[in-house]
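Worksheet for the structure shown next.
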Amino acid sequence: MKLSQMKSMIFSVFGRRAETRPLTSRAIPHLPPLDIHQATTTPQLSYNAKLMERLLVAYLAAQEHAKSAAPLGAEADMWDMIIGQEMQPFKAAIETGDMQAMFQYLSSIGRDYVWFGGLSLGIDGYTPRDWTEDQVAQLYWEKMVALGEACGALCVENPESGAYQQNIRLQPGEVTSRLEARLGVSLTPPDDILPTFGFKVGSKVYHYRHINSIYAAQLVANMVPAGGRVAEIGGGLGLLALYATRMKSMDYSIYDLPVSCVISGFFLMNALGPERVCLFGEDQQQEGAIHLKPFWTLGDLDTDNLDLVVNQDGLNEIDLATVEFLVRNIERTTKSHFLSLNHETFGDERRVAAYVAKYTNMKRLWRSKNWVREGYVDELFQCRH
């Protein structure tokens, strides 16, 4: 597919989806309005030259490694377009080694609206641009309630009988307290690194990406043993890794584009501490460190090396040659399971289940709707070597 055709398809699909999104089925007109209002953070990070140098060195090492190791046959895809056009100033700053300009871009991600998601905590294409900020915050809040129901912290309401639309009118602090008691960890979000938009619980602001990541993290934590080895394909900011490693001790690696690894590296080093993140080319052995690697190095892992591979919101937005490389190596390197949380917007042949059937012998164990994001499906596949 040509880049111009892909761009047209992406904007027609994602733009239409955002424009037609209802606020929430629970916030119906004859009930009092929700007492949930928007909140934002505007952090002011200090420049850290050592941290920025680590990010730049890792990016350059990945670019050099790609010359001999990256899979052949890859074509332009959605993320090539985003990096080459929407993120062009950042890409230029990296390629010229301008660490001050890199820092200015990284520390302000999410300050302005973007049509794509995954790499910011600001308002993005998840909601229509003409919504008020309170409407956006109320939709995010509804997802927190859905998370409570998904985890069993709240009873699932039944519109056919009994009380209905009561959960969404609980106080935010009560819902998060019940969730933390159920999951056994603090869910406090890192909202003091990037500009963050959402709703407030106490002094902290929750974005819908925090909620998505908590939801996925509790699935991951339930599927791996303590100390288990997990690989995430396409980690975004690194929120899933952050929450999953809060919930259980595990050896966690993210495989992504080099530019994305710079963004997640910046975020995670500020969220967890520089010593808790191991970038590409570094020999860092601290227990519990999250490793960030270019996606093609998944092919360097030994067979049956991993307990679980997870991909959220990604595989069907990647070019087909890279998808084939990733899916074949997911099956080879994973001794147990592959968890997918993805949309199927692009049709039958460009969904994860089709890729698994075409390129592997993995067997799907279950399929269900995603609790916290409409139009997404959760699927668990078993590797059969």
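Peptides 260-266, 376-382, 215-221 ranked from most to least packed by the mean count of surrounding Cβ atoms within 10 Å: 260-266, 215-221, 376-382. Under the simplified labelling scheme, the residue 226-residue 112 pair shows an inter-label distance of 4.9 nm, with each label point 7 Å from Cα along Cα→Cβ.
Of the two radii for region 106-182, the radius of gyration is 1.06 times the Kirkwood radius, both from the alpha carbons; that is the Rg over Rh value. Against the longest principal axis of the chain, how steep is helix 3-19, in degrees 0 to 90 to the nearest 10, with axes from Cα atoms? On a 0 to 90 degree scale, this one is about 20.
Approximating the spin labels as points 7 Å out from Cα along Cα→Cβ, the residue 374-to-residue 130 distance works out to 1.7 nm. For residue 229, the residues whose modelled amide H falls within less than 5 Å of its own, excluding neighbours fewer than 5 places apart on the same chain, are 251, 307, 308.
Any idea what diffusion coefficient region 160-199 gets from Stokes-Einstein, in µm²/s, Kirkwood Rh on alpha carbon pairs, 4 °C, 1.567 mPa s? Approximately 103 µm²/s, per Stokes-Einstein.
The tail of the calculated P(r) for region 172-316 beyond 28 Å holds 16 percent of all Cα-Cα pairs. Under 16 Å of direct C-alpha separation, and excluding same-chain neighbours fewer than eight residues apart, residue 200 reaches these lysines: 143. Of all DSSP-defined beta bridges confined to the chain, some 45% are antiparallel rather than parallel.
The calculated P(r) of region 261-385, using every Cα pair and 5 Å bins from 0, goes 2, 10, 18, 20, 18, 16, 11, 4, 1 in percent. Here is the P(r) of region 34-134: all C-alpha pair distances, binned every 10 Å from 0, give 12, 35, 33, 16, 5, 0 in whole percents. Comparing 222, 212, 316 in a Gaussian network model of the chain, where Cα atoms under 10 Å apart are tied by springs, the biggest mean-square fluctuation is seen for 222. In the chain, the longest principal axis of the Cα atoms and the axis of helix 49-69 are about 60 degrees apart. Helix 320-333 and the longest principal axis of the Cα set of the chain meet at an angle near 90°. Roughly what % of Cα-Cα distances in region 208-280 sit above 16 Å, to the whole percent? Counting pairs separated by more than 16 Å, the tail of P(r) holds 44 percent.
With a 1.4 Å probe and all protein chains left in place, how much accessible area per residue does the chain have, in Å²? Computed with neighbouring chains in place, this is 43 Å² per residue. For region 360-372, backbone phi angles converted through the Karplus equation (6.51, -1.76, 1.60; θ = phi - 60°) give residue-by-residue couplings of 9, 10, 5, 10, 6, 8, 7, 9, 8, 5, 6, 6, 10 Hz, Gly and Pro being listed as x. The Cα center of region 293-328 and the Cα center of region 164-215 differ in position by 30 Å. Note that region 206-220 has calculated 3J(HN,Hα) couplings of 9, 9, 5, 5, 4, 5, 4, 6, 4, 4, 5, 5, 6, 5, 4 Hz, one per residue in order, obtained from phi through the Karplus relation 6.51 cos²θ - 1.76 cosθ + 1.60 (θ = phi - 60°); glycine and proline are x. Taking region 265-294 and a reference point 7 angstrom along Cα→Cβ of residue 48, the backbone N atoms nearer than 12 Å belong to 265-278.
The values are calculated or read from the model by the stated rules, or taken from the named source; none is laboratory data. It should be emphasised that the depicted structure is a prediction, and the values quoted were computed from it without experimental measurement. We place every Cβ from the backbone using ideal geometry, glycine too, and count neighbours over all the protein chains shown. Calculation scope for accessible area: heavy atoms of the full protein, side chains included, ligands and nucleic acids excluded. Shrake-Rupley method; radii C 1.70, N 1.55, O 1.52, S 1.80 Å.
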